[in-house]
Each structure stands twice: as C-alpha cells, then as structure tokens.
Amino acid sequence: LFRGLEELRDKPCVTTDGVRVSLLVNTGLMTDVVRSLSHGAEGIGLYRTEVPFMINERFPSEQEQREYYREQLEAFAPSDVTMRTLDIGGDKALTYFPISEENPFLGWRGIRVTLDHPEIFLVQVRAMLKASEGLNNLRIMLPMISNVSEVEESLHLIYRVYHEVREEGYDIHMPKVGVMIEIPAAVYQVRELSNRVDFLSVGSNDLTQYLLAVDRNNPRVASLYHSFHPAVLQALVKVVDDAHAVGTPVSICGELAGDPGGAVLLMAMGYDALSMNAANLPKVKSVIRSIDSLWARKLLDDVLDLDSPHVIRSCVDLALRDAG
Ligand code: PEP
Ligand code: MG
C-alpha cells in the first residue's frame, strides 16, 4: 500500500472529472520539509515559525531566524512558502518568555503579542524578507486576527521593513500577505479582510475550538470537539463563498484538511488549497483522485442538511467507503 502511495507523488491532485486542488504541507522543522518533498507537496501552506522558537533557549537572533527561514524557502522554491508570524500564547509556550494567564486561549496570543512587541515582529519580518532574497516565493500570514486594525498595523510594519531592507540593497519582492481565519469574528469579516490582504487561510483547529467553546487540548471535553459540527461546516462554507465573491483565494491549514473525508468536503466547498501534515498527504491525494467533483458536491449538500456531527461523520465515512 505504501509503495502505491509513493507512486502518487508526481501525479496531480485532480478529481476524475478534472477539478484540481493544491495540496500543501504544514511544517515546523526541516524534517517536515524533507518528508513533504518526498510526499509530493506543492508548497508550504503553513510554516509554524514558533517551532524553531520553542526549541531554542532564547529568542533566536535575526541571523539565526534568517537561516531557519532560508532552508524552508530554498527547499520549496519556486513554489510558495507561507510563513506565519509568531503564534505563541495559548498552548504554545516559550520558556524564556513566560505568559501566565487564567484563560490563555482567550488571552495574549499570536498577533496580539507581536503587535504589543513590535521589536519581535520587526526582527522576524526582516529575517523573512532577507531570507527570501533571489527566491521570491515568500508569503507572510498573520495568526489570530480578530480586528481589521490588527491587519492594518501589521501591514504598516511589513511595508516599513520591506522598504528598509530594499534600501540596504537586498534584491527582494514585496511578499503576498494573508490572514488566518480562526476566530469566529473573522468569519464575518472576510470581505473587509480581503480588501486588505492577498489571501486567506482557515485555521480549522482554532476555529472549531472557538466556535464550539471547547478547549482543543482538554480531554474532558474532547468528545465535544468536532470539526464536522454543522456550525463549523456552515462557517467554512461562508468563508469560501465570501472570499471567492470578492476574488480572494482561500486555503485551509487545520487538521480537517488532512482528514480524507474532511478534504473531500473542503474541495467540494471550493477551497483552493488544502494544507496538512505531510503524513496525510498521500492518503488525501489518493481519495481526491478517485472521486468525481459532482459526487462530492452532492455529498456536501446532503451533509449540510444534517444536524449531528456524529451522523455527518458516519455519512461521510460510509460514502467514501462505498466509493472505494
Ligand atoms: C489552526 O488553528 O487550525 C492552525 C492551523 O494553527 P495552529 O494549529 O498552529 O493553531
Ligand atoms: Mg491556530
């Protein structure tokens, strides 16, 4: 079976009736990159920059960051590499930058931290831009956006660094900038956000957690954490419809994209790209290559009429099993 999946590596991810969807990977360490290339990923949809920060004992310097980023960009050039600015707080802690709060998931996290500490953001963006010299495949993505003003402030800082780095003589291009849709408020601001950025990417892990008010890491409520919940599916449909209505590309980079049933529904919704852990990529590609897009659309319409996450899950699993 594994050999069969390996043979898929160079084949396109396309349904039997010719609908194409890009398969990207989520990375953190270089080991993820190596595995991703061998599994045929078309680019990096989410590089979690906090991972190299978490394995360090202090903030990595601009030069160290530049080396981490260059490795990721070079490995995938000329394909796009989407680098997310630091997403610490919540469940992601840095020993050398402790954050202690009663409700960390509702607290100082992601863009909130880095806009309060622009020196962290500026060094990171500077390192990304310098790392992209001569490659032109960098995209920058902002995590935990709940207000348009956070995007404006971030863009202002990114432009500033871009001009400074160019003036220093680096041959760089202005990267595309995008935001994560992972806070319910952002679902209702897709048009406003799209006016300001080049792309959107749904973080279904956090979006599920925040829509359902279920801590994604708390085993006591794990049975309530369900990305096939009808409210989550409706939100996912709304995001892609609103984004495409104004011509903004939208991908998804939460775990749901790496679940074959989830991937089929997301493709049917119209997501342009699915980004997942490399280990899931061959499975997802194999399923998408075996189905017809109209069949997937019908399955999506059927499950959108259901009201139980468990029934939706079984319905999708059964349909995929019947489809072989
Ligand atoms: C998400 O929230 O779905 C996501 C991709 O980001 P993370 O899992 O790193 O929070
Ligand atoms: Mg997230």
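The values are calculated or read from the model by the stated rules, or taken from the named source; none is laboratory data. Just so you know, these numbers come straight off a predicted model, no measurement behind them. When we count neighbours, we look across all protein chains shown, and the Cβ atoms used for this are built from the backbone with ideal geometry, even at glycine.
Here are the numbers:
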| item | result |
| --- | --- |
| Test: residue in the stretch 94-105 that is without any contact (Cβ under 8 Å) to a residue 24 or more places away in the chain and within 15 Å of ligand 2 (Cβ to nearest atom) | yes |
| Wholly within the stretch 164-277, helices (runs of 4 or more DSSP H) carrying at least 2 residues that are touching a residue at least 24 places away in the same chain (Cβ under 8 Å) and away from ligand 1 (no atom under 14 Å from the Cβ) | 190-194, 230-245, 260-269 |
| Contacts under 6 angstrom Cβ, first residue in the stretch 33-60 being within 21 Å of F121 (Cα to Cα), partner within 16 Å of ligand 2 (Cβ to nearest atom) and modelled with pLDDT under 95, 6 or more apart | E50/K92 |
| Which numbered condition M269 misses (of (1) surrounded by fewer than 18 Cβ atoms within 10 Å (Cβ to Cβ); (2) of a type outside the set (V, I, T); (3) away from ligand 2 (no atom under 16 Å from the Cβ)) | (1) |
| Test: residue in the stretch 233-248 that is within 18 Å of the chain's Cα centre (by Cα) and either modelled with pLDDT under 95 or aromatic (F, W, Y) (or both) | no |
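Here is a yes/no grid of residues against (1) loosely packed, with under 14 Cβ neighbours inside 10 Å; (2) closer than 23 Å to Q209 by Cα; (3) within 16 Å of ligand 1 (Cβ to nearest atom):
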{"residue": "F53", "(1), (2), (3)": "no, no, yes"}
{"residue": "D87", "(1), (2), (3)": "no, yes, yes"}
{"residue": "G90", "(1), (2), (3)": "no, yes, yes"}
{"residue": "A93", "(1), (2), (3)": "no, yes, yes"}
{"residue": "L106", "(1), (2), (3)": "yes, yes, yes"}
